[in-house]
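**Q** Attaching a single structure in structure tokens format; questions to follow.
The values are calculated or read from the model by the stated rules, or taken from the named source; none is laboratory data. All of these numbers come straight from a predicted model, not from anything done at the bench. Accessible surface is based on the protein model in full, side chains and every heavy atom, while ligands, DNA and RNA are left aside. Shrake-Rupley method; radii C 1.70, N 1.55, O 1.52, S 1.80 Å.
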Amino acid sequence: MTISLRLNNEEAALMKNYARLNGMSMSDLVRKCVLEHIEDEYDLTAFKLAMDEFHNDPETYTLDEVEKELGLK
């Protein structure tokens with residue numbers, strides 16, 4: 001898939017310099033940044049859901065208790 005991206009001269013120069021300093025093509029830079037941003041959003045959503053669950057049921061277990069429950073000790 002091909003995607004077009006409109007940048008002003010300052011933005012383009014910033015991105016080209018960053019890509020060059022990191023030995024990346026512009027395509028690799030954009031792909032990496034977009035995918036990392038998406039992953040960060042997923043991680044934040046998962047964190048918020050986990051915190052909501054914890055606040056609704058704040059029961060926690062020690063590592064020893066989990067290992068015993070799973071038969072690892």
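**Q** Can you tell me which residue among Ile38, Ile3 is of a type outside the set (S, T, N, Q) and modelled with pLDDT under 95?
**A** Of the residues listed, the single one that is of a type outside the set (S, T, N, Q) and modelled with pLDDT under 95 is Ile3.
**Q** Hey, could you check the range 26-60 for residues that are among the aliphatic types (A, V, I, L, M) and more than 23 Å from Ile3 (Cα to Cα) and say which is most open to solvent (accessible area, probe 1.4 Å)?
**A** In this case the residue turns out to be Leu49.
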